[in-house]
Structures are given as C-alpha cells and as structure tokens.
Amino acid sequence: MHPMAADLTPAPPAGATDAAPIPAAPPSDTGGAEAVGLVQPYQARKRYVCPGCHGIIARGEGHLVVVPEHAPDLRRHWHRACWHRERRRRDGRAG
Ligand SMILES: [Zn+2]
C-alpha cells in the first residue's frame, strides 16, 4: 500500500457550470452595486437583446455588459446609449 501516490488527481475547476439557472422573476430593482464592463467589437461574438430598447445588439457591435455584484447570473448586455439613458433615469428617480 502506498497511500501517498493515490490522491494526485487535480480537482475540477470551480464554477465550471455550463447552464446557469434562470431566475423566474428578475428583481425590478437590484438595489445594489453593478459592475459595468465594456465589450469590444471583437469580443461580441453573439447577438444580445438590449433590455433598454428591446432591440438587437448585433454580433461584432461594441456594447456594455452590466453585472449586479450580488447576482452575476443576471448580467445584461446594453447598447451604450441605452445604458446611459437608464442611468439618467435611475439617478432622476433617486432624487
Ligand atoms: Zn438598446
């Protein structure tokens, strides 16, 4: 018996999930911090639906990705203009 030689298999990487669960009802107001990232045209390899205007963000079009810090599964892709308009709308509501 050589127990030291047996357990050398590396653990699978954490967070390697293919399918993220889709929440039944996204919160109407995240109420928390959001990380906004810029997606360069060469990084935009899929089409997305912008939640601001419900229009298509074309493949290869630079845009923004907004990730709630407490709910990274709820990240959304926005047209830049739509996100700026949304920010102004929220700021206005906040006072
Ligand atoms: Zn839009």
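Annotation for L38 and R87: the two label points, set 7 Å from Cα along the Cα-Cβ direction, are 1.2 nm apart. Working note: Karplus 6.51/-1.76/1.60 with θ = phi - 60° gives the range 49-57 the couplings 9, 6, x, x, 10, 6, x, 7, 9 Hz, where Gly and Pro are set to x. Taking K and R as +1 and D and E as -1, what net charge do the other residues with C-beta under 12 Å from the C-beta of H84 add up to? Overall, the nearby charge balance is +4.
Among residues other than V65 whose Cβ falls under 12 Å from its Cβ, what is the net charge (Lys/Arg +1, Asp/Glu -1)? Surrounding charge for V65 is +3. For H54, the solvent-accessible surface computed with a 1.4 Å probe is close to 140 Å², ligands and nucleic acids excluded.
The values are calculated or read from the model by the stated rules, or taken from the named source; none is laboratory data. Computed from a predicted structure; not experimentally measured. Glycine also receives a Cβ, built like all others from the backbone with ideal geometry; neighbour counts cover every protein chain displayed. In case anyone asks, the SASA skips ligands and DNA or RNA and just uses the protein heavy atoms, side chains included. Shrake-Rupley method; radii C 1.70, N 1.55, O 1.52, S 1.80 Å.
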